[in-house]
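Right, one structure below, let's go through it.
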Amino acid sequence: MQTDESSRALDKSPTRRETAPITVAIATFNRSNYLASALESCRKQLVRPERVIVVDDGSSDPTREVVRQFESLNVTYVNVGKIGLGNARNIATALCTTKFICILDDDDIMLPNRLRDHMVSFEQGVQLSHGGWINFNARLELDYWPGKPVTEDLIVYVGAAITHGACCYETSVLREFPYRSDTQGGTDYDLAVRVIRSGIRCRHTSSYVLLRRRHDTSVSALAAAGQANVRNAIVGALDLTRVNDQVEKRTAIARDVGEVVHVNTPPLDLVYQELGRPTGAMRVVGSVPRSAGRLVALFDAMKPDWHNIEIVDGATILSSTICLSCRPTADLRNLSAFEAMLGRHSIKPAVVVAGSAAAVTDSMESGLSSDAFRIAMRSTNLRELLLAYRIIRHQRDWEWYIAVGTDTARGVGGTQPVYWLVTAPFTRAEASAMEGIGPEDICSFVHRQTDLPAVVIQGATPR
């Protein structure tokens, strides 16, 4: 075993930052291209780690040379040969001399607030502090995962409550529950189940703490089969101790657990300082109700800039939600402002590359019986459609939904999406009993009230 330990240099920032009794533990294998970013994120922490341990699992690339570039960190580098991820992490635990140990995968990036926020959690007497994470890909698209309150059933049956790379533990916990070394994949899930079932106290940081890289050579991608096997084995073993109705009940309760709502979202300019600026146009999107009534109520509270919003419909059916989006832009100020607006209304954002999205107009008739129909209005002006909804709502208590058409229209600013306002399905019998009229009569009524043309949707296309 070879070791190469550097001495800690003084912080060169104008005011020296506080150091926390935390060791950042990184197990790595042939990831020198990503490792530099991970180590740089250690250096940028608002509260510095007392120590960083890099356990090299037998890399053949310039991993050692990358580590040597970070002289301002108290880095312990250990090259152990090829022993596997679980064993490499256990060596990091054995070398740790601080009270707390923070897990960092070699391809991920810590947000600057991470260690500070973990320390705040530990002040509450917990043994595991976990935060939200933001997945990103090569196109710099962002997918936000705030996490969930941790329970055994949520970890076992549902997932997405925590991700291992966004966890920080009391070191004694990982000494008591070492990583498995007998499997390819699934070590994080196995550890989480054992730790949570032990009854340790957990706390969310109420913040996002990690930028999690998604790529084809990640452990999750390469060891997906092993992860599935470990998960199935653990769930199967636990289910043997429970009757079927217990399993179903516990699973149902776990699935109803919502994400942590009040999570501080980092500004986009901070995120892209770490990742690099996007070179093309992007959108910030958030899931909002498709129901016109609920959407109108949301817009009344938001007071959005109507020139800067669009509806993006990625569903193939009239689902319960739809995506609210800013117009495509490469201006981080506009993207950040829209993200902040979503955050003020507890709407989880995502950042995606601008592009065409699937539309649902062709499937509005999906599931309609032979005598069922919808009434629909069409416009390139979303605000106009929602105003039409307000007018109709005062006359008839019908359910209306927003959809995006498959076609586009030419406007002042270029191509614009076409929006549809469509009713819940009527049957001819229901319409006759309710109004004593048919579909065409309802269309005429809607047109008279709103000045917008209305059509009947029945069969394959609107008519």
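The values are calculated or read from the model by the stated rules, or taken from the named source; none is laboratory data. These numbers come from a predicted model, not from an experiment. Every residue, glycine as well, gets a Cβ built from its backbone with ideal geometry; the counts of neighbours run over all protein chains shown. For accessibility, only protein heavy atoms count, side chains too; no ligands or nucleic acids. Shrake-Rupley method; radii C 1.70, N 1.55, O 1.52, S 1.80 Å.
Listing for the model above:
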item	result
Heavy-atom accessible area order for ASP256, ASP182, largest first, 1.4 Å probe	ASP256, ASP182
Solvent exposure ordering (accessible area, 1.4 Å, most first) of TYR157, TYR208	TYR157, TYR208
Under DSSP loop assignment and at most 16 Cβ neighbours within 10 Å, longest GluC sites (Glu not before Pro)-free interval of the chain	260-398
Global size of region 273-357 as Cα Rg and Dmax, reported in angstrom	13.0, 40
DSSP bridge orientation in the chain - percent antiparallel, rounded to nearest 5	70
Solvent-accessible ranking of ASP190, ASP269, largest area first, probe 1.4 Å	ASP269, ASP190
Isotropic mean projected area of the C-alpha convex hull, the chain (nm²)	26.6
Scattering curve values for region 60-136, log₁₀ I(q)/I(0), Debye with Cα scatterers, q = 0.13, 0.14, 0.17 Å⁻¹	-0.54, -0.63, -0.92
Percent of C-alpha pairs per 10 Å bin, region 121-247, short to long	11, 39, 37, 12, 0
Amide H contacts of ASN74 (H built 1.01 Å from N, under 5 Å, at least 5 apart or other chain)	VAL52
Taking region 33-120 and dividing mean pair separation by its residue count, relative contact order in percent (alpha carbons under 8 Å, at least six apart)	45
Accessible surface of region 221-322, 1.4 Å probe, proportion on carbon and sulfur as whole %	54
Residue pairs, from the table LYS44/LYS348; LYS303/LYS348; LYS44/LYS82; LYS99/LYS348; LYS148/LYS303, whose Cα atoms sit over 28 Å apart	LYS44/LYS82; LYS99/LYS348; LYS148/LYS303
Amide H contacts under 5 Å for ARG201, placed H, 5+ residues apart	GLN127, LEU128
Per residue Cα convex hull volume in Å³ - calculated over region 100-139	76
Heavy atoms of SER444: accessible area, 1.4 Å probe, square angstrom to 10	60
Per-selection Rg to Rh, region 20-171 - Cα, Kirkwood hydrodynamic radius	0.96
Over region 125-177: Rg over Rh, Cα atoms, Kirkwood Rh	1.05
Computed [θ] at 222 nm, helices only, for the chain once each DSSP H run of length n ≥ 4 contributes -39500 (n - 2.57)	-9500 deg cm²/dmol
Probe 1.4 Å - accessible area at LEU387, Å² to nearest ten	100
With all protein chains modelled, accessible area of LYS348 [1.4 Å, Å²]	80
